[in-house]
1. Using Cα pairs under 8 angstrom and six or more residues apart, how large is the relative contact order of segment 118-277, in percent?
2. So what is the 222 nm mean residue ellipticity for the chain from helices alone, if each DSSP H run of at least 4 adds -39500 (n - 2.57) and you divide by all residues, rounding to the nearest 500 deg cm²/dmol?
3. If contacts are Cα pairs under 8 angstrom and at least 6 residues apart, what is the relative contact order of the chain in percent?
4. Mind jotting down the three principal axis lengths of the chain based on Cα atoms? Whole angstrom, largest first.
5. Which residue fluctuates the most in the chain, going by a Gaussian network model with Cα springs under 10 Å, if the choices are 80, 266, 123?
6. For a label point 7 Å from the Cα of residue 258 along Cα→C-beta, name the residues of segment 219-236 whose backbone N is under 18 Å from it.
7. For the chain, set up a GNM with springs between Cα atoms under 10 Å and report which of 131, 207, 259 has the largest fluctuation.
8. Just to compare against my own numbers: the Cα pair-distance distribution for segment 167-298, 10 Å bins, whole % per bin, please.
Amino acid sequence: MIHLDDAQVSTLLPAPAQQVALMRETLLALADGSASVTPKTQVVHEEGGFANAMPAAWPERGLLGVKWVTVTPSNRARGREMIGGLMVLSAADGSTRATMDAAELTAQRTAAVTGASLALDDRPITFVGTGVQARSHARVIEALGRGPLTVWGRRPEALRELAAWCAEHTPGLELRTTTDRAEALAGAGVVISALPIGLTDATLHPGDVAADATLLPIDYASVAGAEISRTGTVVADDVEQFESLRPLKHGKDYPRATGSTGDLLRDGRPSGLVVAQNLGSGLGDVVLADAVARAAGA
């Protein structure tokens with residue numbers, strides 16, 4: 001058995017375009033039921049913080065594992081990463097094959113699932129937020145050749161830091177930044193949002209975006225709230241998991257998912273507004289962890 005830290009995971013992960021391809025396969029497996037996945041088990045460990053256990057198996061591929069992920073908002077004040085955790089990857093016989101830090105795995109899996117979902121809509125992209133996910137999504141969007149990317153943020157200094165990072169790490173991506181949200185949303189066909197979970201002052205209203213926009217939130221209902229989501233079609237990466245979390249994380253008045261993201265990838269996007277609630281499935285983590293372990297020789 002080997003253990004890989006975040007720095008090693010980062011170097012061993014597949015290229016972003018390959019990650020997207022793997023997450024497309026994962027979303028399709030979640031849609032057709034070929035994988036065995038249960039909703040996240042959650043405990044609360046501080047105000048606004050929580051930890052999840054995320055087991056998953058894909059029997060036909062011999063994949064089995066569990067991710068323990070922690071979200072600790074108070075880490076921001078300490079200058080530490082908000083998301084952490086551990087991935088445990090098992091062999092087909094149930095023995096432990098590898099363990100690895102989960103922060104980098106989580107960040108890149110999240111962006112790769114968004115990347116797979118971008119196949120639903122080829123129109124211009126706006127990203128709402130300037131945190132870690134803005135960087136991981138920039139990598140994916142550059143790899144897919146889907147620029148230019150418009151990013152909205154409240155703080156000019158955060159936008160400047162993101163622009164400097166992108167100039168170094170994603171030089172092929174045309175980046176546009178603004179503190180004017182209306183300007184950022186104007187003309188956007190796709191809106192990816194990654195604000196802190198639980199915000200109540202950032203939700204979109206009908207008319208803020210195109211009536212047939214594709215919303216890809218990774219912040220639950222902070223941006224794609226109940227009001228705008230009721231005007232369109234709501235899907236989720238894992239419908240069972242979404243329904244188990246919906247009353248707590250999105251609100252009891254949030255519309256139910258009528259299908260999965262994988263259904264739309266397989267059958268096509270419906271007309272009108274689409275909200276794809278990709279909450280993060282343990283299967284995606286297991287699939288990427290398997291690729292990392294293979295690259296490490298495990």
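Derivation of every value follows stated rules applied to the coordinates shown; laboratory data play no part. None of the values given here were measured: they were computed from a predicted structure. All Cβ positions, glycine included, derive from the backbone under ideal geometry; neighbour counts span all protein chains shown.
1. 22
2. Value at 222 nm, helices only, nearest 500: -10500 deg cm²/dmol.
3. It rounds to 21 percent for the chain.
4. That works out to 54, 41, 39 Å along the principal axes.
5. Its mean-square fluctuation being the largest, the pick is 80.
6. 225-236
7. Largest GNM mean-square fluctuation: 207.
8. Per 10 Å bin, starting at 0, the Cα pair percentages come out as 11, 37, 32, 17, 3, 0.
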